[in-house]
Amino acid sequence: MPLSNAFRPRIAAKLNLLYPGQSAEVLQRIDALADRYRPRLAARDGALWDERSVILITYGDQVSSADRPALAVQDEFLREFGFDDLLTGVHLLPFYPYSSDDGFSVIDYRAVKENMGDWPDVERLSRTFELMFDFVLNHCSQQNEWFRKFLAGEEPYTQYFHAVDPSLDLSSVTRPRSTPLLTPFETDRGTQHVWTTFSADQVDLNFGCPDLLIEMLEILLDYVERGAGLIRLDAIGFLWKKLGTTCMHLPETHAVVKIMRDLLDDLAPGTIVITETNVPHAENISYFGTGDEAHAVYQFSLAPLLLDAFATGDAGPLLNWLGNLEYPGPGMTFFNFTASHDGIGVRPLEGLVDPDRLDGLVEHVRKLGGRVSMRRKPDGSESPYELNITYFSALNTPEGLPPEVHARRFLTSQGIMLALRGMPGIYFHSLVGTPNWKEGVAETGHNRTINRRKFDLDELRDIVQAGGTAQKLVFDGYRKMLGIRIAQPAFHPDAPLEMVETGHPSVIGFERTSIDGSQRILVLANVGTAPVELDLTALTDVAVATDLLSGQNVDSGNRVVEPSALLWLT
């Protein structure tokens with residue numbers, strides 16, 4: 001059966017924008033795809049999300065052991081330590097054969113990298129966890145067969161990439177890097193200057209070519225057939241290129257995302273589309289569309305604002321942002337996270353903190369052994385793009401905190417994130433409290449390696465079980481916190497959040513109420529270095545009796561919130 005009557009006209013309208021004069025033919029090809037895949041796909045089970053929805057962000061070979069498939073080894077580790085009861089999903093960062101950037105230069109979209117295993121290993125992991133696949137669709141590796149055929153002049157691959165006259169003015173193009181936008185390659189047609197947004201090894205794909213769109217839609221459906229319940233669209237904002245523009249968030253880019261959403265809604269309803277755009281907040285949330293685009297967007301402003309609050313002891317900018325944050329509406333949510341395989345983006349701070357405050361945050365990261373990656377602006381100058389540091393190391397101080405204090409401070413940052421409205425994503429290195437991997441940076445020469453360390457299984461077991469270390473305190477504390485968090489209806493992603501004015505710039509306060517109104521949780525956290533006494537009865541009419549995290553009874557009235565303390569009161 002081809003596209004249904006509900007979705008065929010919607011997709012047709014978007015194709016008219018992308019491929020005027022060719023849209024009818026492209027629609028027929030999408031019809032053929034739908035006819036082929038419909039019997040092989042099914043609706044995703046259950047609701048989109050609930051309070052149990054917590055996603056682990058990890059590499060397929062994050063944990064390895066001898067010659068065993070790394071996916072199987074990681075599955076063993078997660079189940080050994082009870083994460084099959086604490087997490088609903090696992091976001092597998094690109095697990096396909098690649099040539100650089102730890103996966104984000106895909107050589108073959110339809111294969112599993114040999115050291116990680118094969119498709120049966122992916123399927124086995126999907127029996128325990130719902131999987132998010134990473135769809136790297138802005139660019140591929142220069143070793144990809146498509147690019148080799150481009151170089152050789154084979155059709156239709158000569159149209160799969162952007163060859164641009166280097167004499168043209170490209171200064172208006174938004175850059176996430178300070179490397180050249182165009183990279184020269186020798187082809188059978190002579191030297192071609194090819195668009196490479198992120199690096200010379202990551203060649204941008206040309207979605208202006210209908211053949212490429214069909215190929216990528218087929219890969220998308222193949223991923224769902226192989227077990228993806230969630231699809232992450234990597235670096236989606238850069239997708240469509242049009243000279244004379246910024247080449248960011250163009251209407252055509254949104255049209256491609258909407259086509260993918262329509263196709264999934266038709267053939268595999270409930271499959272969640274998540275967009276990743278490391279940009280200022282207003283641009284980021286544009287990918288919700290009108291409820292017809294992404295189900296979830298990465299909440300990029302949270303990580304730097306939360307770090308700024310702890311670094312300065314002043315939660316003002318974070319509280320101001322949270323107080324003005326509008327929830328997108330039914331069927332949409334934020335993907336809350338503090339760390340990922342990339343650095344901490346600072347473009348999402350634009351308009352939220354003043355330049356001096358941003359400079360202070362950059363200096364804070366440098367003092368803690370972090371790196372700063374730059375981007376080139378249209379005027380040719382450079383400015384910070386991301387802060388490369390593990391979030392655990394970023395929550396230390398230059399003087400160095402005792403292990404128990406450091407662990408508590410870090411866990412408080414994570415507990416704030418877990419309690420906010422939205423679906424939480426936890427990077428593997430946050431789960432185990434990994435410090436900066438400076439040796440890795442020295443080996444690769446890449447700033448991002450600092451938070452991309454991989455582990456041997458026995459080594460990792462030793463790290464998380466070694467008594468008295470900050471890493472063990474984080475690992476045990478995080479597991480305990482997750483077990484409490486997933487049992488609270490008030491932490492459902494759709495449950496309302498109301499800010500609570502504490503009267504102290506160092507104390508964050510907000511209240512979550514379950515959808516049915518049966519549970520209310522008052523969340524308090526002190527990001528400062530001094531204790532703060534609060535009158536709970538003046539903050540809320542919640543008759544608090546228990547701190548969920550400690551299990552201790554709480555009297556309504558005056559309460560001292562210690563430095564780096566986190567309270568979930570109900």
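Indicate the gyration tensor shape class of the range 272-315 (rounded, prolate or oblate), computed on the Cα atoms with a ≥ b ≥ c the square roots of the eigenvalues: a/c under 1.5 is rounded; otherwise a/b larger than b/c is prolate and the rest oblate.
Details: a/c = 3.52, a/b = 2.95, b/c = 1.19.
Prolate is the answer for the range 272-315, as a/c is 1.5 or above and a/b outweighs b/c.
Straight-line reach from Lys472: which lysines fall under 21 Å, measuring Cα to Cα and dropping same-chain residues less than 8 apart?
Partners found: Lys438, Lys454, Lys480.
Calculate, for Asp211 and Ala66, the FRET efficiency according to 1/(1 + (r/R0)^6) with r their C-beta to C-beta distance and R0 45 Å; round to the nearest 0.05.
Working: r = 42 Å, r/R0 = 0.94.
Result of the calculation: an efficiency of 0.60.
Would you mind getting the accessible area per residue of the range 129-182, heavy atoms of the protein chains only, 1.4 Å probe, in Å²? Each step should come with its number before you reach the end.
Details: 2080 Å² over 54 residues.
Ligands and nucleic acids excluded, the result is 39 Å² per residue.
Looking at Ala268, Pro402, Ala282, which one has the Cα that reaches farthest to the positive end of the dipole of the chain (charges on Cβ: Lys, Arg +1; Asp, Glu -1)?
Working it through, the farthest residue towards the positive pole turns out to be Ala282.
Using a Cα-Cα cut-off of under 23 Å, which lysines could be cross-linked to Lys258, ignoring same-chain neighbours fewer than 8 residues away?
Lys14, Lys241, Lys242
Direction-averaged shadow area of the convex hull around the Cα atoms of the range 421-570, nm²? Working shown, then result.
Values: hull surface 44.5 nm².
Average of the hull's projected areas for the range 421-570 equals 11.1 nm².
In the chain, carbon and sulfur make up what percent of the accessible area (probe 1.4 Å)?
It is 49 percent, rounded to a whole number.
How charged is the neighbourhood of Thr540? Take every other residue with its Cβ under 12 Å from the Cβ of Thr540, and add Lys/Arg as +1 and Asp/Glu as -1.
Details: positive: Arg512, Arg520, Arg559; negative: Glu498, Glu501, Glu511, Asp535, Asp541.
Net local charge, Thr540 excluded: -2.
Along the positive direction of the dipole of the chain (beta-carbon charges: Lys, Arg +1; Asp, Glu -1; about the Cα centre), which of Phe161, Ser105, Ala303 reaches farthest?
It is Phe161, whose Cα lies furthest towards the positive end.
How many times 2.2 N^0.38 Å is the alpha carbon radius of gyration of the range 1-137? Mind showing how you got there, number by number?
Numbers: Rg = 18.7 Å, N = 137, 2.2 N^0.38 = 14.3 Å.
The value comes to 1.31.
To the nearest 20 debye, what is the magnitude of the charge dipole of the range 150-196 about its Cα centre, counting +1 on the Cβ of each Lys and Arg and -1 on the Cβ of each Asp and Glu? Show your work: numbers first, answer last.
Values: 3 positive and 6 negative charges, 61 e Å.
Rounded to the nearest 20 debye, it is 300 debye.
Above 15 Å lies some portion of the pair distances; for the range 311-378, what is it as a whole percent of all C-alpha pairs? Show your work: numbers first, answer last.
Numbers: 1523 of 2278 pairs.
Roughly 67 percent, rounded to a whole number.
What figure, in Å² to the nearest 10, do you get for the accessible area of Lys377 with a 1.4 Å probe and non-protein molecules left out?
Accessible surface of Lys377 is approximately 80 Å².
Under the Kirkwood approximation for Rh and a Cα-based Rg, what ratio Rg/Rh is obtained for the range 186-275? Could the numbers behind the result be given before it?
Working: Rg = 14.9 Å, Rh = 14.7 Å.
When Rh is taken as the Kirkwood radius, the ratio is 1.02.
Let a ≥ b ≥ c be the square roots of the eigenvalues of the Cα gyration tensor of the range 135-194; is it rounded (a/c under 1.5), or, if not, prolate (a/b larger than b/c) or oblate?
Oblate.
Using a 1.4 angstrom probe and counting only protein chains, how large is the accessible area of Lys454 in Å², to 10?
Per-residue accessible area (Lys454): approximately 60 Å².
With a ≥ b ≥ c taken as the square roots of the eigenvalues of the C-alpha gyration tensor of the range 234-321, please select rounded if a/c is under 1.5 and otherwise prolate if a/b is larger than b/c or oblate if it is not? Provide the component values of the computation, followed by the final result.
On the way: a/c = 3.24, a/b = 1.66, b/c = 1.94.
Oblate, because a/c is 1.5 or more while a/b does not exceed b/c.
Excluding Glu386 itself, calculate the net charge of residues whose Cβ lies under 12 Å from the Cβ of Glu386, where each Lys or Arg counts +1 and each Asp or Glu counts -1. Walk me through the intermediate numbers first.
On the way: positive: Arg177, Arg347, Arg371, Arg375, Arg448; negative: Asp342.
Here the charged neighbours net out to +4.
Net charge around Gly370, counting only other residues with Cβ within less than 12 Å of its Cβ (Lys, Arg = +1; Asp, Glu = -1)? List each step's numbers first, then the result.
On the way: positive: Arg366, Lys367, Arg371, Lys438, Arg448; negative: Glu363, Glu386.
Neighbour charge sum, excluding Gly370 itself: +3.
Under a no-solvent Debye model with one identical scatterer per Cα of the range 309-454, what's log10 I(q)/I(0) at q = 0.08, 0.12, 0.18, 0.21 Å⁻¹?
So the normalised log intensities work out to -0.23, -0.54, -1.21, -1.54.
With the dipole of the chain worked out from charges on the C-beta (+1 for Lys and Arg, -1 for Asp and Glu) around the Cα centre, which of Gly509, Gly345, Gly477 lies farthest toward the positive end?
Of the options given, the answer is Gly345.
Per residue, how large is the accessible surface of the range 184-244? Use a 1.4 angstrom probe and give square angstrom. Each step should come with its number before you reach the end.
On the way: 1650 Å² over 61 residues.
Each residue of the range 184-244 exposes 27 Å² on average to a 1.4 Å probe.
The values are calculated or read from the model by the stated rules, or taken from the named source; none is laboratory data. Everything numeric here is computed off the predicted structure, so don't read it as measured data. Backbone-built Cβ (ideal geometry, glycine too); neighbour counts: all protein chains shown. Ligands, DNA and RNA are excluded from the accessible area calculation, which covers all protein heavy atoms including side chains. Shrake-Rupley method; radii C 1.70, N 1.55, O 1.52, S 1.80 Å.
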